[in-house]
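K.L.:
Got a structure here, written out as structure tokens. Questions coming.
We did not get these values from a lab; they are worked out from the coordinates using the rules stated. Just so it is clear, the model here is predicted, and its values are computed rather than measured. Counting neighbours? That spans all protein chains shown, and the Cβs are built from the backbone with ideal geometry, glycine included.
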Amino acid sequence: MTNATENNMQNGLSFQSRVEKLRAGRRWRQSLVDAQKRIAAPQLIIEGHLTRMVGLTLEAVGCHAPVGSRCLLEGPDGRNIEAEVVGFSGEKLFLMPMERMHGIVPNARVVPTKKVYDVAVGNELLGRVLDGAGNSLDGKGPLQTSERVSITSRVINPMARHPISEKLDVGIRAINALLSVGRGQRMGLFAGSGVGKSVLLGMMTKYTDADVIVVGLIGERGREVKEFIDNILGEEGMARAVVVASPADDVPVMRLHGASLATRIAEYFRDQGLNVLLLMDSLTRYAQAQREVALAVGEPPATKGYPPSVFAKIPQLVERAGNGDIGGGSITAFYTVLTEGDDQQDPIADAARAILDGHIVLSRELAEAGHYPAIDVEASISRAMTEITSTEHQAAIRQFKQWYSLYRQHRDLISVGAYQRGADTKVDEAVMMYPQLTKFLQQDITQPMSLADSINELEALQSVEVISPAQAANLQMPVVQ
Ligand SMILES: Nc1ncnc2c1ncn2[C@@H]1O[C@H](COP(=O)(O)OP(=O)(O)OP(=O)(O)O)[C@@H](O)[C@H]1O
Ligand SMILES: [Mg+2]
């Protein structure tokens, strides 16, 4: 064997062993990649089954799913019914359906879904009507939006929130002048049933100056949804509006989602730097939906049948509205609150009053007398008023309220003729002004009134002459309302 061949063999051997080493290394890397893939592969879903159903509450065992996630229940015709996990006790999961349930049988399969629930958002939403789950209700086909965001939103640091500093024109003279609303303020419309909450909310929807309007019709009459869209928003209003409707016959979980969805859509537009008007009719129905869910999973009732979680949910929803970070957009919100039996101490009304930045109380007495909008100016307040109004404007409001309440305090005496003209100059003034005050407070549904005109008209009322007792004695008594 020549030296050259010996060298080649030695080189060949070392070459083969090097190739072998490389192959072993590749196999090892591949096995790591495979192992990684196996770990990343969807985990097995452990199914459970239904063991109990009472009212709208379902109990399932055998499966694990976090609270707030959804499961699919096997329906009778192979159709799956979606249900949300609303609580648990030991190994038992409590579920509530997202749609009406028919034909659910004992031991039906319960399959947890791993779906992450998000909300379709984007300018494509403008002009659309959605249900509580975010599906289209208007027959214009599925939503083709540019973005999807999580249903939960980031909490705004209270120190970073823009303060309320700008007056907002809502188109209603009594509110513009006497209960000025600021951009980013959250107000409640409080009244018993049929006093005019929805009509007033509709007027504000039409006349308020906003970039985008988000309407949440939660737990109210289904008939009102179409009426609101056709008669109040109209084609022009609808072009800059999104409506989320979850009427009274929807299941409670859907009504809760509807309110949350409307707020999330409003938050999205606020985060784009826009001024949003959010209208929710009604906050009471939202609270009642939470009461149904909480009682069904065994939470004890506390005040008037409302469990404590209801009073935690209201601030969680309402606090999401308001101004955004400094330099960002705003959500000015109006929530209607039904005061059952005209009881202003109703627990939901009380909780809402405590968290909102003002309340407009509507009076049945005024509505019955045909005085619309039936705003009770004595009982209503706007908490941002002092920050956004001038001292002259505030003085004019004080004067208006003094005349108004003075007249109403003496109205029984006046109406039976027991009040002697000239006995008190202030009361005489109030008597003289009262017809103008009531005229000022009333407004036709179709007639908007701008902020500047409302304040001018209020200030013009102040130019009343102070009259002498002799002149007062000759005055005609106004008709009592
Ligand atoms: N500004 C108004 N001008 C004339 N009529 C009005 C006005 N506001 C309300 N009404 C009358 O009062 C009725 C009830 O009003 P609305 O539906 O707004 O009450 P509501 O407080 O929303 O009642 P509910 O709590 O039952 O929903 C209306 O159908 C209308 O006839
Ligand atoms: Mg109503």
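K.L.:
For the chain, what relative contact order do you get, as a whole percent, if you take Cα pairs closer than 8 Å and at least 6 residues apart?
P.N.:
Answer for the chain is 15 percent.
K.L.:
Quick one: net charge around Gly122, please, counting Lys, Arg +1 and Asp, Glu -1 for every other residue with C-beta under 10 Å from its C-beta.
P.N.:
-1
K.L.:
For Leu137 paired with Trp28, estimate the spin-label separation in nm (one decimal), with each label point 7 Å from Cα along the Cα-to-Cβ line.
P.N.:
Those two pseudo-labels are separated by 6.3 nm.
K.L.:
I've got another one for you. On full extension of the chain, what length is gained from Ile104 through Gln272, given 0.36 nm per residue of separation minus the C-alpha to C-alpha distance?
P.N.:
56.1 nm
K.L.:
Based on the Cβ-Cβ distance from Ser405 to Arg383, what FRET efficiency comes out when R0 is 30 Å, to the nearest 0.05?
P.N.:
Efficiency, rounded to the nearest 0.05: 0.95.
K.L.:
Using Cα-Cα distances under 8 Å and only pairs 6 or more residues apart, what relative contact order does region 31-85 have, in percent?
P.N.:
21 percent
K.L.:
Give the percent of DSSP beta bridges with both residues in region 219-358 that are antiparallel, rounded to the nearest 5.
P.N.:
Antiparallel bridges: around 35 percent, rounded to the nearest 5.
K.L.:
How do 134-141, 372-379 rank on mean C-beta neighbours within 10 Å, highest first?
P.N.:
372-379, 134-141
K.L.:
Provide the net charge surrounding Trp28, with neighbours chosen by a C-beta distance below 14 Å and charges set as Lys +1, Arg +1, Asp -1, Glu -1.
P.N.:
Neighbourhood net charge equals +3.
K.L.:
Turning to a different aspect of this structure: Say each of Asn231 and Asp209 gets a label point 7 Å from the Cα, pointing the same way as Cα to Cβ; how far apart are those two points in nm?
P.N.:
The two pseudo-label positions are separated by 2.9 nm.
K.L.:
Tell me, in nm to one decimal, what length is gained between Ala160 and Asp350 on full extension, where the rule is 0.36 nm per residue of separation less the Cα-Cα distance?
P.N.:
65.6 nm
K.L.:
May I pose another question? Run the simple label-point estimate for Val111 and Asn123 please: 7 Å along Cα→C-beta, distance reported in nm.
P.N.:
Result for the modelled spin labels: 4.0 nm.
K.L.:
Quick check on the chain: of the DSSP beta bridges with both residues there, what percent are antiparallel, nearest 5%?
P.N.:
Roughly 55 percent of the beta bridges in the chain run antiparallel, per DSSP.
K.L.:
Among the listed pairs Lys115/Lys313; Lys140/Lys197; Lys115/Lys304; Lys37/Lys313, which have their C-alpha atoms separated by more than 32 angstrom in this model?
P.N.:
Pairs exceeding 32 Å: Lys115/Lys304; Lys37/Lys313.
K.L.:
Could you give the size of the charge dipole of region 376-427 about its Cα centre, using +1 on the Cβ of each K and R and -1 on the Cβ of each D and E, expressed in debye and rounded to the nearest 20?
P.N.:
120 debye
K.L.:
Please arrange Arg100, Arg411 by how many other C-beta atoms lie within 10 Å of their C-beta, fewest to most.
P.N.:
Arg100, Arg411
K.L.:
Can you give the local net charge around Ile232? Use residues other than it whose beta-carbon is closer than 15 angstrom to its beta-carbon, Lys and Arg +1, Asp and Glu -1.
P.N.:
-2
K.L.:
Less than 21 Å apart at the alpha-carbon level, and either on another chain or at least 8 residues along: which lysines does that give for Lys426?
P.N.:
Filter leaves Lys401, Lys439.
K.L.:
Where a ≥ b ≥ c are the square roots of the eigenvalues of the C-alpha gyration tensor, would you call the chain rounded, which needs a/c under 1.5, or, failing that, prolate if a/b is larger than b/c, or oblate?
P.N.:
prolate
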